[in-house]
Amino acid sequence: MSARRSRTKQARPVPGQAAPSGARGLSLLLLLTLVAVVAAYASVLAVKLCNAPVLSGAHLAPLALYAATLLIVRLALGATGYRGDAGLVAGAFLLAGIGMVMQLRVGAYAAGFQELLPLALGAGGFLLTVILAGKGRVRHMEHAGWPAYLAALGLMAVVIAFGQRFRGAIFLPGNYNPTEMAKPLLVLFAAAYLCRHREAFTVTRLGLPVPPVAPGAGLLLLWAAPVALTVLLGDLGLSLLMSGVLVVMLYAASRKVGWLVVGCLAVVGLALLGGDLSAHAQVRFAVWRNPFDDPTGRGWQVLRALSALYAGGLWGCGIGAGAPGTVPIVSSDFIYAALGEEIGWAGCALLLVAFGAFCTRGWRAAAAAATPFGTIFGAGLTACLAAQTILNVAGVTKALPLTGLTLPFISHGGSSLVTSFVMAGLLAAISEQEQAQGSR
Amino acid sequence: MSLLESIMVELNGAHGPAVFAGLRQAFLICLALAVAGLLLAPRPGRKQLWLLATGLWLALLAVLVHQAAWQLAGFRRPEFVRFMRFHDPRPDTLLKQVRRGAITDWRGTVLARSDPVDIGRRIYPLGSAACHAVGYFDPRYGMAGVEQAADATLCGYSFASLDDLDRFGRNLLDHRAAGGSDVALTLDAELQVEAYGLMAGKRGAVVVLRPSDGAILCLASAPGFDPANPAEAMLDTVNAPLLNRAVQGLYPPGSTFKILMAGLAAERRLAPQFHCPAEGFVPAPGCRPIRDSEFYSALRTGRAWAGYGRIGLQQGFIHSSNVYFSQLGEALGATAFDELVVRSRINTCLTYCSGAATSLASAPGHLPQVGSHDRLLLAQLSIGQGPMLLTPLHVASLTAAVASDGMLRQPRLRVDSPAVELGRVMTPEAAATVRDLMRDAVRHGTGRVANVPGLTVCGKTGTAEAPGGGEHAWFTCFAPARRPELVVTVLVERGGYGAQAAAPIACALLEEAVELGLLGSDIKEQERAE
């Protein structure tokens, strides 16, 4: 039914046109993205030139790499005949481009060219994912649920076994964090599982979902293992995020709003419970309630972040002109504070609208996917990026307690960037799956 | 010179700021275009999961609103501003904070203003003279007094008018220090300085009210403190200089309470005669007798004193006879007394400066309900002793009620706050009777010291016994007798006799008020009356 409806819709483009309007749209969107990123980059360079008349290769390498990446992506997608949503591609690269400029601005690329590797890897991963999973091939991932589950558990176990404790959580040496990769793996597993049992989850009584006994208990037990591991990792934010994502996927699988309501209540309850039990989380709740209790201790970071936002005001002080170095861990968890200072509230609003537009496109693509698996998988991936964005931004602005989650595409951290790109690539592939089906 | 060097010179030159502003705007415009592209580009797919997208957009909106509350309106949070003052290394953050408005007296004399350079610092031209009424604004120690109550207006975010909104909006766009409005108080700076000077070396309070509308012309408390440096005063636990004794200090009113008792008697058209011997009055068997102060001073000097004999209300009032008034209280009864307490609002606070977030109010007085069986309590309360406590502001307000035909008005410190009538304490006829009694007390009685030539002062002394030391000296008065224009209430902690310690201060203030033109001298009227 869904396939037929989309066929009638997609039959409209002129037959015989090799590259449908989507491709020209992609060129335009990527061009707009490049212009915005170059404008941001110029601002950073101007501040640098204001201080010293030196423009070395290191100053230009990130932009050169980024522009080259955009060109390669455009050519490669054109060559492979990408027919998916151009907005998903441009959105991912717009966010990553702003992230690249902000990382340059806070000095992340000072150590050398190897710092640029995550950007190259991420873009490569994105392209590879779109090409490999595109044209409807993403449906084969339905069978990879169990390997993905085991891989996710294995990744977390490896980190627990070999990692070192840093800022309340565990990382591998070099603060490389492979648990980021566990996010799409767990989403893949949940999508495969829910797809198989989706009929069982659609039963409702008086609007409330009635969980099926066997699949429900199975899912609960299977989900408990990664949650337990994240607790061991000291990464309560991750378990909160993944539980929220699971709720969205249950809704996408069953289309029962009851799951969304009950699930959200359960997640909030879990968050409160976790906040009560864990000393680490207790501190974060206390800081959230009143950072002025201990302004130079526990409240320091978030108050410094809010001071940076205040210094930015409505229009910001210009990229490169602020003093984001005053915020602790500004390059990763608190990059949003640096953005708030330099692009202002107006710029932040535009950035969040970009995130919102990206995620809306992700869900639209998921809703129109050819297979139920694609729908559930796409909804989960989008939910993962959306929830991470909200939790990070709300934490920095003190709207919610800090969760220690990174801002997708923008925060420093190779694993985070690569993972975000892979997830965006999967979404682009899902959007293409629909189109490919439609124009067959 | 290479290209890069010339760019550097250009950027650091006169055009630099414009270039950076241009780059900033260019980026925001380019970003807006790119985001618009993302929003408007053809969107394949379906809307079936619209609920999720709607939820996300709402969450993003909520975060942005919350962010704006800090990023754009963070100056509304005093704790946040304090944090930034002490811990934010950005040099220009201060300039983005609020330039508080000034606090002035009714003539426009500045009582508090912001330093033009360091806009977070406050300057108090009167020093400690008006410290309690005006309060302080300190980045470390917070706010007090009018600085606290009128904070919304001073910061310009009370949004009382469209002008406020307009200014707030422009401050947001310019990202400059938001400018607040000025606040005018009913205080008179010169009278305030004079009153504070008269209280030098003493502990106590002075309140000057205009009875016709409750305006506070002077609200002094001693000892004072330096409002620019309240920290020092916080450490002084002996004198407690931060305590505003005029509104927060609770004292037994002593004989000043006889004003209300006389009013109660006059209202009931009672002027009984009582026998007032030196031995005093025993309200109930086994009680210590209530005696007059004359008895004790005679005892100290070794004179013989026979008592006042059989006297009426007028003699009892002008001599402030405890023996007379304790018997009067018994004659009036507990029910009438309790009703008087309710009418005088003794157990409630008087709000004298209302603000958006906090209001300034006097401490509620303390007076227990009198049971009809407790004759000792009634006798003690009738002379302003026993378990009864009042603030100087309350005593002044009750005196002002007598001066304005029995109507109790809410005291007011801000010029823009309306005059509010709280209720009648006594009938106009009773108030007229009490005015005559108070005039007699100043002409012939305990308040003779205050009989300023050229002014028809009406007053009542008070010498209140208090546990833990000497008596508190009270004097509360108004002038002129026919058309009262000012009420002056003076309390000197542990000052001894009201007539000796407090009345001269009230006198000096009345004379100062005449000089300042706040009080018309009425020699003719006095001549006509006497």
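Values in this text are rule-based calculations from the coordinates and carry no lab data. A quick note: this is a predicted structure, and the numbers were derived from the prediction, not measured. Quick reminder, even Gly has a Cβ in these numbers, built from the backbone with ideal geometry, and neighbours come from all protein chains shown.
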What pairs in A:135/A:256; A:135/A:183; A:256/B:47; A:135/B:47; A:183/A:256 have C-alpha atoms more than 26 Å from each other? A:135/A:256
From other protein chains only, count the Cβ atoms within 10 Å of every residue's Cβ in A:340-350, then give the mean. 5
Sort the following peptides by mean Cβ neighbour count (other Cβ atoms within 10 Å, averaged over residues), highest first: A:265-275, A:79-89. A:79-89, A:265-275
Protection proxy ranking of B:99-111, B:53-65, B:498-510 - average other beta-carbon atoms within 10 Å, highest first: B:498-510, B:99-111, B:53-65
Would you pull out the residues with amide H under 5 Å of residue B:179's amide H, same chain only if 5 or more places away, H placed 1.01 Å from N? B:99
Contour minus end-to-end for residue A:121 and residue A:28, with contour as 0.36 nm per residue of separation and end-to-end as the Cα-Cα distance? 31.1 nm
Grab the Cα-Cα distance for residue B:348 and residue B:39, subtract it from 0.36 nm times how many residues apart they are, and report the gain in nm with one decimal. 105.2 nm
I'd like to compare B:21-28, B:243-250: which one has the highest average count of other Cβ atoms within 10 Å, and what's the full order after that? B:243-250, B:21-28
Sort A:143, B:472, B:366 by Cβ crowding within 10 Å, fewest neighbours at the top. A:143, B:366, B:472
Points 7 angstrom from Cα along the Cβ direction at residue B:226 and residue B:2: gap in nanometres? 5.6
Quick note, the protein assembly as shown: a/c under 1.5 would make it rounded; otherwise a/b > b/c is prolate and the rest oblate (a ≥ b ≥ c, C-alpha gyration tensor); here it is prolate
Label-point separation (nm) for residue A:298 and residue B:163, each offset 7 Å from Cα along Cα-to-Cβ? 4.6
Residues B:460, A:48, B:47 arranged by fewest to most Cβ contacts within 10 Å: B:47, A:48, B:460
How much FRET efficiency would the formula 1/(1 + (r/R0)^6) give for residue B:61 and residue B:424, where r is the Cβ-Cβ distance and R0 is 41 Å, rounded to 0.05? 0.15
Shape call for chain A from the C-alpha gyration tensor, a ≥ b ≥ c root eigenvalues: rounded (a/c under 1.5), prolate (a/b greater than b/c) or oblate? oblate
Förster-model FRET efficiency, 41 Å R0, residue B:117 and residue A:290, C-beta, rounded to 0.05: 0.80
So for B:301, A:360, fewest C-beta neighbours within 10 Å to most, what's the order? B:301, A:360
Provide the gained length on full extension for the span residue B:140 to residue B:32, in nm with one decimal, where the gain is 0.36 nm per separating residue minus the Cα-Cα distance. 34.8 nm
C-alpha long axis of helix B:334-343 to longest principal axis of chain B, angle in °: 30
Roughly how crowded by other chains is peptide B:17-26, in terms of the mean Cβ count from those chains within 10 Å of each of its Cβ atoms? 5
Across A:364-371, the residue-averaged tally of Cβ atoms belonging to other chains within 10 Å stands at 4
Report the FRET efficiency, 1/(1 + (r/R0)^6), for residue B:300 and residue B:237, where r is their Cβ-Cβ distance and R0 is 22 Å, rounded to 0.05. 0.05
Label-point separation, residue B:268 to residue B:416 (7 Å along Cα→Cβ), nm: 4.7
